[in-house]
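This report concerns only the one structure given below.
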Amino acid sequence: MNESIAEKASGDDLSGWRWTYRLLRVTVMLVAAYWLSRTGDAFFYQGF
Amino acid sequence: MPMVDLASPVFWLITLIAVAVMTPVTHAELRKWLWAGVNLAFIATMLRLRVLEVAGFLLAAHLALRVLGCGTWRRPVALAGLACALVLFVINKLPVESEAWGVGAVNPALAAVGFSYVFLRLIDVGRVVYEGGRPPPDPASTVNYLVPFHMLAAGPIQSYEDFIDQPAVPKPVTAVEALEAVERIALGLFKKFVVAYIIGKLFLTGFNVSGPYMLFEVQVHYLWFYLDFSGYSDIAVGIGKLMGVRTPENFDKPYLARNMIDFWDRWHISLSLWVRRNLFIPMQLAMARRTRGKRALLIATVAFTVSFLLCGLWHGISWPYFAWGAMHALGLVVTNTYRHHLTKRLGTKGVKAYKEKLIYRLLGQFITFQWVAFSLLVIAYPWKGFEP
């Protein structure tokens with residue numbers, strides 16, 4: 001029974017909106033990290 | 001000398017190559033050597049170190065470990081190995097002084113590989129092999145244990161037992177597991193390069209302020225430090241999952257710790273476990289043997305104090321780090337003593353009821369948070385005359 005629950009859970013994870021949402025979230029985090037690691041100091045007001 | 005730079009495309013290119021090269025390989029020996037090749041390639045390309053020199057050091061370590069594991073000459077080799085590792089550690093920690101001593105030339109290479117962590121791994125594998133707990137590593141495993149590229153920057157510090165006990169060929173990574181690993185890497189990068197960075201830029205002044213803002217900065221500095229450091233660990237754990245290389249967890253919501261013992265179960269867990277295995281337990285056992293099991297509280301007090309003073313000096317050989325270690329030792333001793341007297345007075349059931357009371361939990365969390373935050377102030381404060 002546990003196995004079927006695990007299979008169902010992993011199947012759910014890989015289907016539809018949940019999968020898209022997770023990929024989108026990863027992309028946003030990666031893009032933000034990349035952008036700030038490159039342009040961060042220029043982005044912030046230096047006189048603070 | 002280049003350092004491990006997570007913002008560098010070279011780092012991620014090597015990570016991708018490592019995953020692509022290692023994932024399809026199911027032959028244990030080949031996989032081990034490929035992993036060693038990746039680690040050495042990382043040292044040559046990202047850190048631009050001379051591979052032959054690094055390989056020479058690793059070969060010396062490997063031969064010493066072989067001797068440690070085979071009986072004859074064990075003791076003198078253990079002492080000589082410990083002395084060599086300590087000398088390199090001190091050179092690494094005192095760059096200015098090592099220049100004056102005429103041995104500064106090796107320092108850039110030690111700094112580039114993050115020798116502080118290599119030193120802890122050397123002690124761990126040396127102790128385990130010396131005690132006969134596990135066989136000495138073969139040449140490829142020596143490379144993979146001592147200089148794993150994804151754990152060079154800021155750990156975690158894997159135990160030798162955990163390293164040697166992991167399956168030679170891991171189970172294939174499923175699509176969900178791969179997504180989880182990438183999510184973990186993305187979270188780490190986001191914590192470090194976005195959240196910690198913004199907090200640092202907006203609120204941190206390097207403690208060049210006074211008054212109420214200083215108190216505020218102490219709190220924010222702890223949060224910033226946690227996000228930056230745990231971000232590194234998230235990235236290492238994520239890369240390890242993708243490559244099928246066991247990489248220990250290092251943080252578990254340390255800001256919720258209700259006392260200092262609880263804190264060290266949640267903060268830099270791999271260092272805390274290293275201190276337990278290599279300092280606290282050996283000292284505690286040695287003293288317990290001498291006192292025939294009496295004075296357990298006093299023994300624990302001495303073991304906590306010595307372990308955490310040394311832990312402070314491992315972070316940096318300077319007074320601020322020594323004071324940081326002393327603060328943590330004091331916090332641990334007070335927690336342990338309080339726990340001892342509370343159990344004596346209330347009994348096990350009484351302590352359980354005490355722990356469940358919300359007010360005590362919140363009070364404990366607040367005091368622990370402040371104690372840790374102020375200990376970090378001690379090492380980050382721009383003391384005049386010190387370079388922490």
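Of all residues in segment B:76-120, those satisfying the criterion of being polar (S, T, N, Q) and under 17 Å from the mean Cα position of the chain (by Cα) are B:ASN92, B:SER116.
In the set B:THR343, B:THR335, B:THR301, only one residue is of a type in the set (Ser, Thr, Tyr) and under 22 Å from B:LEU256 (Cα atoms); that residue is B:THR335. For segment B:70-81, taking the residues that are surrounded by fewer than 19 Cβ atoms within 10 Å (Cβ to Cβ) and in contact with a helix residue (DSSP H, G or I) (Cβ under 7 Å, 6 or more places away or on another chain), the one that is farthest from B:LEU146 (Cα to Cα) is identified as B:TRP73. Annotation note: of B:VAL51, B:VAL38, B:VAL21, the sole residue that is of a type in the set (A, V, I, L, M) and without any contact (Cβ under 8 Å) to a residue 12 or more places away in the chain is B:VAL51. Filtering segment B:313-324 to residues that are part of a helix (DSSP H, G or I), touching a helix residue (DSSP H, G or I) at 6+ places or on another chain (Cβ under 8 Å) and within 21 Å of B:ILE91 (Cβ to Cβ) leaves B:LEU313, B:TRP314, B:HIS315, B:PRO320, B:TYR321, B:PHE322. Quick check on segment B:137-153: of everything there that is in a loop (DSSP other than H, G, I, E, B) and within 12 Å of B:ARG121 (Cα to Cα), which residue is nearest to the other protein chains (Cβ to nearest Cβ)? Restricting to residues being in a loop (DSSP other than H, G, I, E, B) and within 12 Å of B:ARG121 (Cα to Cα), the top hit is B:LEU152. Each residue in segment B:188-201 was checked for being at the interface with another protein chain (Cβ under 7 Å from one of its Cβ atoms) and out of contact with any Gly (no Cβ under 8 Å at 6 or more places or on another chain), and 1 pass. In segment B:260-275, the qualifying residues are those that are on the phi < 0 side of the Ramachandran plot and touching a Phe, Trp or Tyr at 6+ places or on another chain (Cβ under 8 Å), and the one that is surrounded by the fewest Cβ atoms within 10 Å (Cβ to Cβ) is B:ARG266. With respect to the stated conditions, B:LEU68 is in contact (Cβ under 8 Å) with a residue 60 or more places away in the chain and either within 19 Å of B:GLY132 (Cβ to Cβ) or not in a helix (DSSP H, G or I) (or both). The number of residues in segment A:14-48 that are modelled with pLDDT under 65 and either more than 8 Å from every other protein chain (Cβ to nearest Cβ) or surrounded by 15 or more Cβ atoms within 10 Å (Cβ to Cβ) (or both) comes to 8. When we screen B:THR247, B:THR205 for residues that are within 14 Å of another protein chain (Cβ to nearest Cβ), in contact with a helix residue (DSSP H, G or I) (Cβ under 9 Å, 6 or more places away or on another chain), among the hydroxyl-bearing types (Ser, Thr, Tyr) and not in a helix (DSSP H, G or I), the only hit is B:THR205.
For segment B:154-185, the set of residues classified as within 14 Å of chain A (Cβ to nearest Cβ) and either touching a strand residue (DSSP E or B) at 6+ places or on another chain (Cβ under 7 Å) or under 25 Å from B:TYR226 (Cβ atoms) (or both) consists of B:GLU180, B:ALA181, B:VAL182, B:GLU183, B:ARG184, B:ILE185, listed by residue number.
Cβ separations smaller than 7 Å between residues 6+ apart or across chains give the following pairs from segment B:133-145 residues that are of a type in the set (Lys, Arg) to residues that are surrounded by 22 or more Cβ atoms within 10 Å (Cβ to Cβ): B:ARG134/B:VAL128; B:ARG134/B:TYR160. Taking the stated definitions as given, is B:PRO167 outside any helix (DSSP H, G or I), within 22 Å of B:PHE11 (Cβ to Cβ) and not polar (S, T, N, Q)? Considered against the rule, which asks whether it is outside any helix (DSSP H, G or I), within 22 Å of B:PHE11 (Cβ to Cβ) and not polar (S, T, N, Q), B:PRO167 comes out as no.
Suppose the filter is over 18 Å from A:SER37 (Cβ atoms), free of Cβ contacts under 8 Å to residues at least 24 places away in the same chain, of a type outside the set (D, E, K, R) and buried (at least 16 other Cβ atoms within 10 Å of the Cβ); does B:PHE203 pass it? For B:PHE203, the condition - over 18 Å from A:SER37 (Cβ atoms), free of Cβ contacts under 8 Å to residues at least 24 places away in the same chain, of a type outside the set (D, E, K, R) and buried (at least 16 other Cβ atoms within 10 Å of the Cβ) - is met.
Looking across segment B:208-238, the residues that are away from chain A (no Cβ under 14 Å), buried (at least 21 other Cβ atoms within 10 Å of the Cβ) and within 30 Å of B:SER141 (Cβ to Cβ) come down to B:SER230, B:SER233, B:ALA236, B:VAL237.
The values are calculated or read from the model by the stated rules, or taken from the named source; none is laboratory data. None of the values given here were measured: they were computed from a predicted structure. Using ideal geometry, Cβ is built from the backbone for each residue, glycine included, and neighbour counts are taken over all protein chains shown.
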